[in-house]
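The structure under discussion appears below in the form of structure tokens.
The values are calculated or read from the model by the stated rules, or taken from the named source; none is laboratory data. Every value quoted in this text rests on a predicted model; they were computed, and no experiment measured them. Every residue, glycine among them, receives a Cβ derived from its backbone with ideal geometry; neighbour counts consider all protein chains shown.
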Amino acid sequence: MHRWCRSPGLHKGKLFDHGRLAAHKAFDPVWQQMLLPRSDAYEWLAHTLGIPRHRCHIGMMALEDCRRVSQAVWERSGGLDTLR
């Protein structure tokens with residue numbers, strides 16, 4: 001996690017860290033495996049979550065938003081674990 005991304009007051013311990021790790025595990029293959037260029041992947045994620053692109057950083061998200069990241073990627077993949 002990037003030190004500059006951590007929002008004060010949002011960190012809730014290990015559960016929160018696991019939520020962020022799960023969101024990265026779900027989302028990062030979208031751009032790392034070149035399914036979309038990284039900037040396009042974040043643009044898609046921002047649009048899907050209904051948040052501005054400049055706020056679309058997993059390190060700044062609340063736990064519920066981290067869960068929404070995983071769900072959005074799962075839905076995009078057709079419910080299949082095709083990204084890993």
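Name every residue in the stretch 73-84 that is part of a helix (DSSP H, G or I) and either more than 15 Å from W44 (Cβ to Cβ) or at pLDDT 90 or above (or both), in order of residue number. Selection gives V73, W74, E75.
Scanning the stretch 41-72 for residues that are exposed (fewer than 14 other Cβ atoms within 10 Å of the Cβ) and not in a helix (DSSP H, G or I) yields G50, P52, A62. Residues that are among the charged types (D, E, K, R) and modelled with pLDDT of 90 or more do not occur anywhere in the stretch 2-18. Look at the stretch 40-51: where a residue is of a type in the set (G, A, S) and a partner is in a loop (DSSP other than H, G, I, E, B), sitting 6+ places away or on another chain with Cβ atoms under 9 Å, you get A41/L35; A46/P52; A46/C56.
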